[in-house]
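The values are calculated or read from the model by the stated rules, or taken from the named source; none is laboratory data. This structure is a prediction, so every number in the text was calculated from the model and none was measured. In this analysis, Cβ positions are derived from the backbone assuming ideal geometry, glycine residues included, and neighbour counts consider all displayed protein chains.
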Amino acid sequence: MQEVCASANLRRLSAGAALFHQGDRAERFYFLFSGQVKLHRVVCDGQEKLVEVIRAGESFAEALLFTGAPNYPVSATALKSTLMASLHGPQYRRLLEEHPSICLDILATLSIRLHQRMNEIDTLTLANASHRVMRFLSQAQEEGNGVVMLDVPKRLIASKLGIQPETFSRILHRLIDAGVIAVQRRRIEIIDSRGLEDFDG
């Protein structure tokens, strides 16, 4: 840890500031102390696609240490005022080679992310936009208590679901009108879980 910290730089970003851009040379990875960072990329039709939102306590871009990819495949932009540690990738990889037990923790983290990506692929294969939103609400519940807290703007959630923000809002309003959910700002309560499963609006 002392060796890692010796090569780390503290970075502060204000909301909206870019950390790196898609295609930039990938030599560092990051650990977030506070704030939020969105990872996003421009797809073939020119639209921005949200890949992931990084939150406090999470790291990102470290997978490139193992793939050998020379460039970042995504862009990173601060959603909120953010404090992070910037770590030199090649030096960290050398430390992992000297202390292979650390790799098990990293493998666990990467496995969790792989599982998340698989769930996202399952959601995106649903042709019906309503079904994508229903699946998102079902999976985003806090410990199955029927409450979903939106900690990022709705437009970013819509981007991750592969639908337009207007479509996302329209489906939420239909669910409200059907008595399935209740919305108070960024808090969504699932009132009728069976109704959510059966909803076909």
- [ ] Only residues in the stretch 148-174 that are at negative phi count as the first member; pair them with residues that are charged (D, E, K, R) and assigned to a loop (DSSP other than H, G, I, E, B), Cβ under 7 angstrom, at least 6 apart or cross-chain, and list the lot.
- [x] M149/E142; M149/R186; L150/R186
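Of R194, R185, which residue is exposed (fewer than 12 other Cβ atoms within 10 Å of the Cβ), without any contact (Cβ under 8 Å) to a residue 24 or more places away in the chain and farther than 25 Å from Q36 by Cα? First the steps, then the outcome.
Values: R185 fails: farther than 25 Å from Q36 by Cα.
Within the list R194, R185, the selection yields R194.
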Task: Close pairs (9 angstrom Cβ cut-off, 6 or more residues apart or separate chains): closer than 15 Å to L124 by Cβ in the stretch 29-58, part of a loop (DSSP other than H, G, I, E, B) and hydrophobic (A, V, I, L, M, F, W, C) anywhere - done: R41/V74; K49/V43; L50/V152; V51/V74; E52/V74
Task: Residue in the stretch 134-152 that is over 20 Å from the mean Cα position of the chain (by Cα), of a type in the set (D, E, K, R) and not assigned by TED's automatic domain parsing to the domain that holds R55 present - done: no
- [ ] Filter the stretch 1-32 for residues that are over 16 Å from the mean Cα position of the chain (by Cα) and hydroxyl-bearing (S, T, Y) and give the result.
- [x] S7, S14
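Considering only residues that are free of Cβ contacts under 8 Å to residues at least 12 places away in the same chain and either closer than 11 Å to F29 by Cα or surrounded by 16 or more Cβ atoms within 10 Å (Cβ to Cβ) (or both), which ones fall in the stretch 72-95?
Kept after step one, since they are free of Cβ contacts under 8 Å to residues at least 12 places away in the same chain, are these residues of the stretch 72-95: 94.
Matches in the stretch 72-95: none.
Within the stretch 158-171, is there a residue that is modelled with pLDDT under 85, farther than 19 Å from L39 by Cβ, surrounded by fewer than 18 Cβ atoms within 10 Å (Cβ to Cβ) and among the β-branched types (V, I, T)? Write out each step before concluding.
We begin by selecting, within the stretch 158-171, every residue modelled with pLDDT under 85; these are none.
The answer is no; no qualifying residue exists.
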Task: Residue that is on the phi > 0 side of the Ramachandran plot, surrounded by fewer than 12 Cβ atoms within 10 Å (Cβ to Cβ) and within 16 Å of the chain's Cα centre (by Cα), where the choices are G35, G46, G57 - done: G57
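Name the single residue, out of those in the stretch 7-50 being in contact with a helix residue (DSSP H, G or I) (Cβ under 9 Å, 6 or more places away or on another chain) and not in a strand (DSSP E or B), that is modelled with the lowest pLDDT.
Of the stretch 7-50, the ones in contact with a helix residue (DSSP H, G or I) (Cβ under 9 Å, 6 or more places away or on another chain) are 7, 26-29, 38, 40, 47-50.
Still in the list and also not in a strand (DSSP E or B): 7, 26-27, 47.
Numbers: S7: 75, A26: 91, E27: 86, Q47: 81.
Once the filter is applied, the top-ranked residue is S7.
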- [ ] Tell me which residues, restricted to the stretch 54-89, are assigned to a strand (DSSP E or B) and polar (S, T, N, Q).
- [x] S59, N71, S75, T77, T82, S86
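Condition first: β-branched (V, I, T), modelled with pLDDT under 85 and not assigned by TED's automatic domain parsing to the domain that holds L156. Can you find one or more residues in the stretch 58-75 that meet it?
Applying the first criterion (β-branched (V, I, T)) to the stretch 58-75 yields 67, 74.
Remaining after also requiring modelled with pLDDT under 85: 67.
Within this subset, residues satisfying the condition of being not assigned by TED's automatic domain parsing to the domain that holds L156 are 67.
Within the stretch 58-75, one or more residues are β-branched (V, I, T), modelled with pLDDT under 85 and not assigned by TED's automatic domain parsing to the domain that holds L156.
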